[in-house]
Amino acid sequence: MARGKNIQLYLMDGDVNGRIKCTLANWTGLAFKIPRTALDLCKDRPELKQTGVYLLFGKDENDKSVVYIGQAGVRKNGEGILNRLVEHNRNPKKDYWTEAIALTTSNDSLGPTEISYLEHQFYQFAVKEKRYEVKNDNDPTPGNISEEKESELDEFIEYAKVIVGTLGHKVFVPLLADNNDGENTTSESITLYCTRNGINSIGVRTSDGFVVKKGSIISQKITKSCPDYVLKKRTQHKNIIDANNMLTEDILFNTPSGASSFACGASTNGNIEWKTSEGITLKSLNEQGQ
């Protein structure tokens, strides 16, 4: 069983919408969540003049979550992470981001090799989990580090992933928990099925909403009652629906009804459509407190 973690959040401006400094017990790292509009307030923060990595978060024109992952070394002018964020703020090609998370250390111990490795690993994790569209043009190079340093940095990364998720961005968190037994974990519930008229979809409730699983067969036909948001979702994910109408990746929905409507290509009630292998509806499970 995973152990609890002691995370300290400091509202630097006394405002939940302002800057947040985040630390974790037994972690030398430091994290700062910085709204784009608050960059000017960070000029006197010595930690943000250090080397480190950063993530820019925002939405694209289709309201899809996006992230850019970069590194910042100390320049000749003595400026580190903050200087890179200011440069991105002036770049019209990066108008999508609204806030940044900066990751550095309390002892300024990250050199060029370390930040290259961290940037590469964070990029790989973000691409793998597919929650956000990663805006980097290229896959960052990992650099050349020793196995001892790699082990040390991997521990830094595990803590950083927890911090970034705590600060509101599950960019490194899998849609579905993956354990060795293949069973649902505490973040998931009973496996459910939507089966009718050639449809054979598999889903599960999670702490984020409802996930329709990879391998599900969805309806090829779209009815007149199909909600607009379902049509939009199908367009967004057309590249992961193969020629047999099978999903090649997991897809997250806000509600069970959104998930069943996507699967059926029609307006549906997810509480009725989703059932266990024994035929028990999601509605009945909810009434039973399951």
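Out of (1) modelled with pLDDT under 95; (2) within 20 Å of the chain's Cα centre (by Cα); (3) polar (S, T, N, Q), the odd one out for T235 is which?
Result: T235 fails condition (2) only.
Over 30 Å from N286 (Cα atoms) and either modelled with pLDDT of 95 or more or out of contact with any Asp or Glu (no Cβ under 9 Å at 6 or more places or on another chain) (or both): which single residue out of V212, V171, V164 fits that description?
V164 is the lone residue from the list that is over 30 Å from N286 (Cα atoms) and either modelled with pLDDT of 95 or more or out of contact with any Asp or Glu (no Cβ under 9 Å at 6 or more places or on another chain) (or both).
What number of residues within the stretch 80-100 satisfy the criterion of being assigned to a loop (DSSP other than H, G, I, E, B) and either over 17 Å from L30 (Cβ atoms) or modelled with pLDDT of 95 or more (or both)?
Summing the residues that are assigned to a loop (DSSP other than H, G, I, E, B) and either over 17 Å from L30 (Cβ atoms) or modelled with pLDDT of 95 or more (or both) in the stretch 80-100 gives 3.
Can you tell me how many residues within the stretch 102-124 are part of a loop (DSSP other than H, G, I, E, B) and loosely packed, with under 15 Cβ neighbours inside 10 Å? Spell out how you get there, then give the answer.
Going through the stretch 102-124, the residues part of a loop (DSSP other than H, G, I, E, B) turn out to be 106-111.
Filter once more, so that each one left must be loosely packed, with under 15 Cβ neighbours inside 10 Å: 106-107, 109, 111.
Residues in the stretch 102-124 being part of a loop (DSSP other than H, G, I, E, B) and loosely packed, with under 15 Cβ neighbours inside 10 Å: 4 in total.
Across the stretch 1-16, which residue is modelled with the lowest pLDDT among those that are in contact with a helix residue (DSSP H, G or I) (Cβ under 9 Å, 6 or more places away or on another chain) and part of a loop (DSSP other than H, G, I, E, B)?
Here the answer is K5.
Any idea how many residues of the stretch 20-42 are assigned to a loop (DSSP other than H, G, I, E, B) and within 21 Å of Q71 (Cβ to Cβ)?
The qualifying residues number 2.
Every residue in the stretch 125-151 that is over 17 Å from S65 (Cα atoms) and either in contact (Cβ under 8 Å) with a residue 12 or more places away in the chain or surrounded by 14 or more Cβ atoms within 10 Å (Cβ to Cβ) (or both), please.
First, the residues of the stretch 125-151 that are over 17 Å from S65 (Cα atoms): 138-151.
If the condition is that a residue be over 17 Å from S65 (Cα atoms) and either in contact (Cβ under 8 Å) with a residue 12 or more places away in the chain or surrounded by 14 or more Cβ atoms within 10 Å (Cβ to Cβ) (or both), then D139, P140, T141, P142, G143, N144, I145, K149, E150 are the ones that fit.
Test A243 against the stated conditions and say whether it is in contact with a strand residue (DSSP E or B) (Cβ under 7 Å, 6 or more places away or on another chain), within 16 Å of I218 (Cα to Cα) and not charged (D, E, K, R).
Spelling it out, it is not the case that A243 is in contact with a strand residue (DSSP E or B) (Cβ under 7 Å, 6 or more places away or on another chain), within 16 Å of I218 (Cα to Cα) and not charged (D, E, K, R).
The values are calculated or read from the model by the stated rules, or taken from the named source; none is laboratory data. None of these values were measured; they are calculated from a predicted model. Counting neighbours? That spans all protein chains shown, and the Cβs are built from the backbone with ideal geometry, glycine included.
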